[in-house]
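Read through the structure below, which is laid out as structure tokens, and then see the notes.
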Amino acid sequence: MADSKKVIDIIGAVASKIEEKKDELTALDQPIGDSDHGINMARGFCAVQEKLPELEGKDIGTILKTVGMTLISKVGGASGPLYGSAFMKSGTAMAGKQELTSGDFIACLDTSVHAVEQLGHACAGEATMLDAMIPALAAMKQAESSGRSAAEILCAGSAAAEAGAESTKDMIATKGRASYVGERGLGHRDPGASSFALMMETIADALRR
Ligand code: ADP
Ligand code: MG
């Protein structure tokens, strides 16, 4: 599916997309949070972008671990440690690999879901990034078991992440800052679920090309 050079290209595309959609992500964090999700994510991924040249030629595990450590060190909000630990633990799972298969990608997302659940003490249905991640994981496993191509698997994951992010409008948040607004959060999309859907869309687009 992707060699380490392609993985670096994809991470670069994700960083550019986050920067492009920074204001939209921040706007989502306004009614239910503290209006910084886009700013946080863009700060983190801008630092990631700067590290990419020195990652050329490194194995995929090292690349993902570096992304995770950079997000943890640069992002102040809750999303930094959560995404950071997801990337770091995925990096550990991919140690030494020069090629990422669709099965590896699914394993990374599986690892990421567990990392966020563990660190965030969160589960499905609490209006967090997990509500985009968990459906994406299920859809990708389903697509893989029906023998789909890598591009199709990622496309299925992207569609499910987007639907999952949209479904957070109907959930009352019980984790993170959004839990402070309670029922007033109904009708609003979770910013973290939205940034995850955006990442999946970018990855799926990159693989189609
Ligand atoms: P902060 O909430 O510190 O301002 P961000 O605005 O960058 O940080 O990120 C908020 C997002 O982080 C939320 O939209 C949600 O998806 C995710 N999040 C926050 N707390 C948790 C948690 N305990 N478990 C899982 N995800 C969480
Ligand atoms: Mg915030």
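The values are calculated or read from the model by the stated rules, or taken from the named source; none is laboratory data. These numbers were taken from a predicted model, which means no experiment stands behind them. Methodologically, a virtual Cβ is constructed for each residue, glycine included, from the backbone with ideal geometry; neighbour enumeration extends over all protein chains shown. These area figures cover heavy atoms from the full protein model, side chains too; ligands, DNA and RNA do not enter into them. Shrake-Rupley method; radii C 1.70, N 1.55, O 1.52, S 1.80 Å.
Screening the range 57-113 for residues that are of a type in the set (Phe, Trp, Tyr) and closer than 28 Å to Gly33 by Cβ and picking the one that is nearest to ligand 2 (Cβ to nearest atom) gives Tyr83. Picking from residues in the range 176-202 that are within 12 Å of ligand 1 (Cβ to nearest atom) and among the basic types (Lys, Arg), the one that is farthest from the chain's Cα centre (by Cα) is Arg177. Filtering the range 1-37 to residues that are part of a helix (DSSP H, G or I), closer than 16 Å to Leu55 by Cα and of a type outside the set (A, V, I, L, M, F, W, C) leaves Ser4, Lys5, Lys6, Asp9, Gly12.
Screening Ala160, Ala165 for residues that are assigned to a helix (DSSP H, G or I) and more than 21 Å from Gly84 (Cβ to Cβ) leaves exactly one candidate, Ala160.
Let's see how each residue does on (1) open to solvent by 60 Å² or more (accessible area, probe 1.4 Å); (2) farther than 29 Å from Val181 by Cα; (3) within 16 Å of ligand 1 (Cβ to nearest atom):
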position	(1), (2), (3)
His37	no, no, yes
Thr66	no, yes, no
Gly80	no, no, yes
Ala86	no, no, yes
Ser102	no, yes, no
Gln118	yes, no, yes
Leu130	no, no, yes
Ala136	no, no, yes
Met140	no, yes, no
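Within the set Ala122, Ala206, Ala161, the sole residue that is touching a residue at least 40 places away in the same chain (Cβ under 8 Å), among the hydrophobic types (A, V, I, L, M, F, W, C) and farther than 21 Å from Asp104 by Cα turns out to be Ala122.
What about Ser145, is it more than 16 Å from ligand 1 (Cβ to nearest atom), under 16 Å from Ala206 (Cβ atoms) and not aromatic (Phe, Trp, Tyr)? Here the answer is no, as Ser145 does not meet what is asked. Candidates Ile11, Ile32: the one that is in contact (Cβ under 8 Å) with a residue 24 or more places away in the chain and more than 16 Å from the chain's Cα centre (by Cα) is Ile32.
Entry remark, the range 70-104: residues being within 28 Å of Ala127 (Cβ to Cβ) and either under 12 Å from the mean Cα position of the chain (by Cα) or part of a helix (DSSP H, G or I) (or both) number 19 in total.
Is one or more of the residues making up the range 121-133 among the hydroxyl-bearing types (Ser, Thr, Tyr) and part of a helix (DSSP H, G or I)? No, because not a single residue in the range 121-133 is among the hydroxyl-bearing types (Ser, Thr, Tyr) and part of a helix (DSSP H, G or I).
All of (1) under 14 Å from Gly192 (Cβ atoms); (2) in contact with a Ser or Thr (Cβ under 7 Å, 6 or more places away or on another chain) hold for Tyr83 with one exception: (2).
Here Ala193 fits the description: crowded, with 22+ Cβ neighbours inside 10 Å and part of a helix (DSSP H, G or I).
Being modelled with pLDDT of 95 or more and open to solvent by 40 Å² or more (accessible area, probe 1.4 Å) holds for only one residue in Leu28, Leu55, and it is Leu28.
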